[in-house]
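What follows is a single structure, written as structure tokens, with notes after it.
Just so it is clear, none of the values below were taken in a lab; they were calculated from the coordinates. Given the structure is predicted, the values throughout are model-derived calculations rather than measurements. Counting neighbours? That spans all protein chains shown, and the Cβs are built from the backbone with ideal geometry, glycine included.
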Amino acid sequence: MSSEFTKLFELIISASLINNFVFTRFLGLCIFFGVSKKMETAVGMSITFTAVMMVSAAISWVVFTQLLVPLQITFLEIIVFIGIIAGLVQLSDTIMRKVSPGLYYKLGIYLALISTNCIILAVPLINAGEKYTFIQSLAFGLGSGLGFALALIIMASIREKLELADVPAPFRGLPMAFVVTGLIALAFTGFSGLITL
Amino acid sequence: MSSHNNTNLKELFLNGIVKENTIFKLALSLCPSIAVTNNLKNGVFMGFAVLFVQVMVNLTISLMRNFIQPKVRLPIFMLVISGWVTVTQLMMAAFVPDVYGKVGLYIALIVAFASILARAEMFASKNSVVPSIVDGLGMGVGFLFALTVISFFRELVGKGSLWGNVIVDTKPLLIMILPAGGFFAVGILMALFNWINTRYAAKGAHASH
């Protein structure tokens, strides 16, 4: 039992730090560069993101193992997963509009973009590819969400400072954000080999 | 009339390559631009996959545009896109298994490309078949061009080789093929494009004076 717990813990750490989606798998970059300009939006986005990610990982796991595998239509995984995610995003969009209109006003456009976001789709795809169990899938979703949140928050705090920096004209804006991300990614390579699964 | 049409199509084609280049100008669909570009071969195949999907999606949507209920158009667009992505995925797994082994996940993630959905929504659902195909070709070639440039640069500097063939036989700058190098490469290339643009714009303004 305890070894299973260690394994789950390792999975979360590995998904969030070692194989961080942004810095080593390069997924979700559009949103990463889009919402990392301000701390407040970054935090709101990370919370929504992690929640949607875990729920979609759970539902996709059930659909994949109970429906697609028995019917031998696993090649339809992309279509099915994207459908699940689109539905979920629509749902969380509606809930957020009711519960927290202020946050909705700020994140509205990015929330709509979540459904076309690669990380959210990548989590069920990787879960299916690695044949994770239900609990492992959840842990992987949580770890990936935390990793993305960490990346967003680091980047947002750097970019708030970067506003004041004297950057050469052609590098202003996105190019500089890319170079900074490269430097963070370089730091994150230090985590590789921390845990070998 | 026909010559007028031709120039329009040409402009449409160039629009996707230069003015609205997905990666360098709009900064959309960045994930694969870094993930698969550590060697030229993967970059080029990824580019062609996107080109194919973009053209086929534009074609299909444009053919269906009169039958789609506006209220459910987004789910239908997503269905069309994921259908074509599945086709691409299965074809690549069959014909270029070595490339597919490395970029497989990113091929599946073409579904989530904002740029493809955006073209379907903004262009193909409002225009007839031929302009839609040309628009798709322009966007796709622009993407292919960006991926080729990035992967060319990264493989040459990072490994001293191109398409697996050794070009420069010295100790390469290993960082460029590491994950971090991808960000540096895209950042530097974007800055270069900005610089060329401002120079070009300044020259144009100067000449008109």
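Apply the a/c threshold of 1.5 to the C-alpha gyration tensor of chain B and tell me whether it is rounded, prolate or oblate. Because a/c hits 1.5 or more and a/b fails to exceed b/c, chain B counts as oblate. In region B:98-195, taking the dipole from charged Cβ atoms about the Cα centre, the farthest positive-side position among B:Ser161, B:Ile177, B:Val99 is held by B:Ile177. Note on chain A: Lys pairs 8 or more places apart or on different chains, Cα atoms under 16 Å apart, count 6. Pairs of Lys residues in region B:2-208, spaced 8 or more positions apart or belonging to different chains, with C-alpha separations under 17 angstrom: 5 in total. Using 1/(1 + (r/R0)^6) with R0 = 30 angstrom and r between the beta carbons of A:Val99 and A:Ser157, what's the FRET efficiency to the nearest 0.05? Efficiency for this residue pair is about 0.65.
Under a model in which nothing but the beta-carbon of Lys, Arg (+1) and Asp, Glu (-1) is charged, region B:2-208 shows a dipole of about 300 debye around its Cα centre.
Assuming charge only on the beta carbon of Lys and Arg (+1) and of Asp and Glu (-1), the dipole of the protein assembly as shown about its Cα centre is about 680 debye to the nearest 20.
The mean of 1/r over all pairs of different alpha-carbon atoms in the protein assembly as shown, once inverted, gives a Kirkwood hydrodynamic radius of 22.2 Å. For chain A, a crude dipole built from +1 on the beta carbon of Lys and Arg and -1 on the beta carbon of Asp and Glu, taken about the Cα centre, is about 320 debye to the nearest 20.
Per-residue ellipticity at 222 nm computed for the protein assembly as shown from its helices equals -23500 deg cm²/dmol, with DSSP H segments shorter than 4 residues left out and the rest contributing -39,500 (n - 2.57). Other residues lying with their Cβ under 15 Å from the Cβ of B:Ala180 contribute a combined charge of +2, Lys and Arg counting +1, Asp and Glu -1. Placing a pseudo-label 7 Å from each Cα along the Cα-to-Cβ vector at B:Ala94 and A:Thr133 gives an inter-label distance of 3.8 nm.
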